[in-house]
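**Student:** Here's a structure for you.
The values are calculated or read from the model by the stated rules, or taken from the named source; none is laboratory data. Fair warning: this is a prediction, and the values are worked out from it, not measured in the lab. Neighbour counts run over all protein chains shown; Cβ positions are idealised from the backbone, glycine included.
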Amino acid sequence: MFRNKIIVALLVLIASVANAQKDSIVNTGDETVIVVKDYVPTLIDANKISDAPSADTTSIFTPVFKYDVDVKKYNTVFTSTPIKPVRIKDDNIKKLYRGFIKGGYGTHNTPYAEVFYNALRSKEFNAGFHYRHLSSMGKIKNYGDTDNSNNGFSLFGKKFIDAGILSAELDFERNVFHYYGFDRREIIFSKRETKQRFADIAGKIDFTNNNTDKNNWDFGLGLGFNNYTAKRHADKTSETGFNLNGNLGKYFNENYANLNLNVEYNKTEQPDGIYQSGDFPNPVNNLVFRLHPRYKIKVYDFDLTVGVNFEAESVEESKMHLYPFAEARYKVAQDVLSVYGSVSGGVIKNSYKSITSENPFTTNFIFPGNSNNKLEFKAGTDIKLDKEISFNGYISFSRVTDKLFFYNIPREGAEYVTFINLYDDADVLKLHGGLQFLQSDKMQLGLYATYQNIKPDEFAKPWYLPTVTTGLTGNYTMQDKIIVKADLFFNGSQFAPDEAGEKEFVKLDGWIDANLCVEYRHSKLLSVFAQVNNIASQQYFRWYNYPSYRFSTMGGFTYSF
């Protein structure tokens, strides 16, 4: 029954829909549709909606606040307490003594004496004198008499005035040597025949202005003279010299300009017949004129000095030279590391005095010429490794014309060895390093080493110039009572001409010389000392066939008054 009801309802609904469609249809007539191609489906592009982030454009502003601070005073109670003043310890001004004596006696019959006498502290003047004596009469097996002595006396004074400082000095020196470079088993020479006496009297006077204002000029002027004589057996050589020094300088802003002047003149008269060939004049007149303008610039940690060296010389002929000069220094680290470099040149004056002072065993045949350091390049560094340790090292190269060398004269028969001076052009390369340790007044140490490579143009070797030299020096003070001083020196091998003519040269072995001195201070006035020299007792040759003393000792005292 229920099923029949449902069927009837559906039929009624279908009839209603069909009737509705019939009412809505409009008569459009007959139409024919013809399809001419296959159906092609079309896919429409999809448009992606973009949603990119953007910056925040919101405006930000800072509000201005206005407010007042209500000041209220709070009353406090302060109670002061007395503060003790700082006490500065007065620096003890050491007491000065006018006189000082040092004397002693050693092996090889060696007396020694020195006397110093000086004025005390004064704001007006300073004056004093110094005397010294050292001699020896030791023996060296199979060699001639080695008697020698060194004597000197100096008198000096300074006067302090408002305008500056006026100083004067007078020196006298007398040295005695003997030729002992021969085999005494083959021949004997008397002391009169081998004796040499060198005497020199010199004086100078200087004035330096007292300038404390950078706007004013600095200046100084000095004049000196000397008379040097050499007596060898019956022959006598004399040399008279004068020198003039002057300087003028001034600050321009922070830069400093100065001009240095130096004039040296020597007249050397040697015995008749010395220059028999006539190749050299007698007397020899040697004049050197130097004029050095300088300008120093300082910019922060950089210093630069520039200028020229104008120099003229006249020996056999007149020559003029112009050398560049530049020196720069830069502080890489303040008070710790600095580097420097320079380029320069100049005339090196060789006088009869300077030649015989370096080698007293020369003959009368000495020509006092000049050397020309044409150009020298130098670079180095200063390093402060510690507050007590510092180092300095440099390298240099120079070209020197007419460099001085010594040449031992070949002997004919039983004679003593003598030397003459010769000149040759040479290239010089030099390296030097030094280390220093300073611990106030208690300990000081110094170590240095030098290497030099000298290449002469004509000579086979750089005669009597060692390639390597080193040294170690130091002193140590224990409780202001005991002072220990030590020296250690090393000279490398050197070369000498072979007087036998069999070879071009002979080699002189290197040597080590160690010395030690111990001093005991009994009081501030009196002390005693003991010294030993050449501890290794090594016999070495500085000059061909002239050996040194071996081990020697000396004892003595010092006294202040």
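**Student:** Looking only at residues that are over 14 Å from Leu375 (Cα atoms) and of a type in the set (Gly, Ala, Ser) in region 308-328, which one is surrounded by the fewest Cβ atoms within 10 Å (Cβ to Cβ)?
**Tutor:** Step one: of region 308-328, the residues over 14 Å from Leu375 (Cα atoms) are 312-320, 328.
Next cut, of a type in the set (Gly, Ala, Ser) only: 312, 314, 318, 328.
Details: Ala312: 16, Ser314: 15, Ser318: 9, Ala328: 16.
Applying the filter and picking the extreme gives Ser318.
**Student:** Oh, and also: Surrounded by 14 or more Cβ atoms within 10 Å (Cβ to Cβ) and assigned to a loop (DSSP other than H, G, I, E, B): which single residue out of Tyr112, Tyr180, Tyr117 fits that description?
**Tutor:** Details: Tyr112 fails: assigned to a loop (DSSP other than H, G, I, E, B); Tyr117 fails: assigned to a loop (DSSP other than H, G, I, E, B).
Every option except Tyr180 fails the conditions.
**Student:** When region 368-390 is examined, which residues are found to be out of contact with any Gly (no Cβ under 7 Å at 6 or more places or on another chain) and either under 24 Å from Pro281 (Cα atoms) or among the hydrophobic types (A, V, I, L, M, F, W, C) (or both)? First the steps, then the outcome.
**Tutor:** So in region 368-390, the residues out of contact with any Gly (no Cβ under 7 Å at 6 or more places or on another chain) come out as 368-372, 377, 382-390.
Selection gives Pro368, Gly369, Asn370, Ser371, Asn372, Phe377, Ile383, Leu385, Ile389.
**Student:** Another one. Which of the following residues is β-branched (Val, Ile, Thr), under 30 Å from Tyr179 (Cβ atoms) and modelled with pLDDT of 95 or more: Thr363, Thr469? Break it down stepwise before answering.
**Tutor:** Working: Thr363 fails: modelled with pLDDT of 95 or more.
When all the criteria are applied, what remains is Thr469.
**Student:** Would you point out which residue out of Tyr559, Tyr520, Tyr476 is under 28 Å from the mean Cα position of the chain (by Cα), surrounded by fewer than 17 Cβ atoms within 10 Å (Cβ to Cβ) and either of a type in the set (Phe, Trp, Tyr) or over 24 Å from Leu431 (Cβ atoms) (or both)? Break it down into steps so the answer makes sense when it comes.
**Tutor:** On the way: Tyr559 fails: under 28 Å from the mean Cα position of the chain (by Cα); Tyr520 fails: under 28 Å from the mean Cα position of the chain (by Cα).
When all the criteria are applied, what remains is Tyr476.
**Student:** Answer with yes or no whether Phe289 is aromatic (Phe, Trp, Tyr), at pLDDT 95 or above and under 26 Å from Glu239 (Cα atoms).
**Tutor:** Numbers: aromatic (Phe, Trp, Tyr): yes; at pLDDT 95 or above: yes; under 26 Å from Glu239 (Cα atoms): yes.
So Phe289 fits the description; yes.
**Student:** Which of (1) at pLDDT below 95; (2) closer than 28 Å to Gly433 by Cα is the odd one out, the single condition Ala486 does not satisfy?
**Tutor:** All conditions pass for Ala486, except number (1).
**Student:** While we're looking at this one, here's another question. Looking at (1) within 30 Å of Thr146 (Cα to Cα); (2) without any contact (Cβ under 8 Å) to a residue 60 or more places away in the chain; (3) hydrophobic (A, V, I, L, M, F, W, C), find the lone condition where Phe198 falls short.
**Tutor:** Status for Phe198: all satisfied but (2).
**Student:** When the residues of region 342-397 are narrowed to those that are of a type in the set (Gly, Ala, Ser) and not in a strand (DSSP E or B), which ends up nearest to Glu316 (Cα to Cα)? Let's see the steps before the verdict.
**Tutor:** Going through region 342-397, the residues of a type in the set (Gly, Ala, Ser) turn out to be 342, 344-346, 351, 354, 357, 369, 371, 379-380, 390, 393, 396.
From what is left, the residues that are not in a strand (DSSP E or B) are 351, 354, 357, 369.
Numbers: Ser351: 14, Ser354: 19, Ser357: 23, Gly369: 9 Å.
Per the criteria, the residue is Gly369.
**Student:** Go through (1) within 35 Å of the chain's Cα centre (by Cα); (2) exposed (fewer than 15 other Cβ atoms within 10 Å of the Cβ) for Lys503 and report which single condition fails.
**Tutor:** (1)
**Student:** In region 120-146, what residues are part of a strand (DSSP E or B) and hydroxyl-bearing (Ser, Thr, Tyr)?
**Tutor:** Taking region 120-146 as the starting set, the residues that turn out to be part of a strand (DSSP E or B) are 125-136, 143.
Those that are part of a strand (DSSP E or B) and hydroxyl-bearing (Ser, Thr, Tyr): Tyr131, Ser135, Ser136, Tyr143.
Okay, residues lined up against (1) in contact (Cβ under 8 Å) with a residue 60 or more places away in the chain; (2) surrounded by 15 or more Cβ atoms within 10 Å (Cβ to Cβ); (3) aliphatic (A, V, I, L, M); (4) assigned to a loop (DSSP other than H, G, I, E, B):
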residue: Asn216; (1), (2), (3), (4): no, no, no, yes
residue: Gly220; (1), (2), (3), (4): no, yes, no, no
residue: Tyr228; (1), (2), (3), (4): yes, yes, no, no
residue: Lys231; (1), (2), (3), (4): no, yes, no, no
residue: Tyr251; (1), (2), (3), (4): no, yes, no, no
residue: Leu287; (1), (2), (3), (4): no, yes, yes, no
